[in-house]
């Protein structure tokens with residue numbers, strides 16, 4: 001029986017270790033997200049706007065529906081993000097040449113410039129991984145590859 005509000009502990013040592021790994025990964029994810037948001041803010045972007053720019057390929061039109069699916073967001077939320085990026089000159093809506101009922105999004109030269117500078121800032125530092133050796137980073141990468149969803 002657990003105290004009021006306390007969650008039951010895992011039944012085995014292996015499950016306790018897995019619980020700790022999950023908690024540590026969630027804490028790391030929060031740290032990485034905070035760094036992503038802070039870098040986005042340096043470029044006058046929200047984290048969602050930065051994520052959108054990273055998911056639009058230069059020279060390729062992407063339907064708003066496909067982009068919403070890729071970002072796992074509601075189309076109505078995407079509209080607001082695109083409105084702000086379009087006002088900034090980073091993206092442009094166009095009519096799909098194959099189906100005029102469909103709106104597609106293209107990244108502009110300005111959007112590419114912002115996206116590329118943002119990404120350069122993101123990868124300029126090892127962030128929370130700086131304390132790991134190169135060997136440890138490769139080990140961590142390999143372990144994460146073993147458990148990450150195939151889309152990554």
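Using r as the Cβ-Cβ distance of residue 46 and residue 134, and R0 as 35 Å, what FRET efficiency do you calculate, to the nearest 0.05? Given R0 = 35 Å and the Cβ-Cβ separation, E is 0.55. Diffusion of the chain by Stokes-Einstein, at 20 °C in a medium of 1.002 mPa s and with Rh set to the Kirkwood radius over alpha-carbon pairs, works out to 116 µm²/s.
Its DSSP H runs of at least 4 residues, each contributing -39,500 (n - 2.57), put the calculated 222 nm mean residue ellipticity of the chain at -19000 deg cm²/dmol, to the nearest 500. Modelled label positions at residue 37 and residue 125, each set 7 Å beyond Cα in the direction of Cβ, lie 1.6 nm from each other. Distance between the 7 Å Cα→Cβ label points at residue 11 and residue 83: 5.2 nm.
Against the chain, whose longest principal axis comes from its Cα atoms, helix 134-147 is set at around 80 degrees. Modelled this way, with points 7 Å down the Cα-to-C-beta line, the labels at residue 112 and residue 100 are 2.9 nm from one another.
Rule-based calculations on the coordinates, nothing more; no lab input. From a predicted model like this one, the values you see are computed outputs, not experimental measurements. All Cβ positions, even for glycine, are placed from backbone atoms using ideal geometry, and neighbour counts span all protein chains on display.
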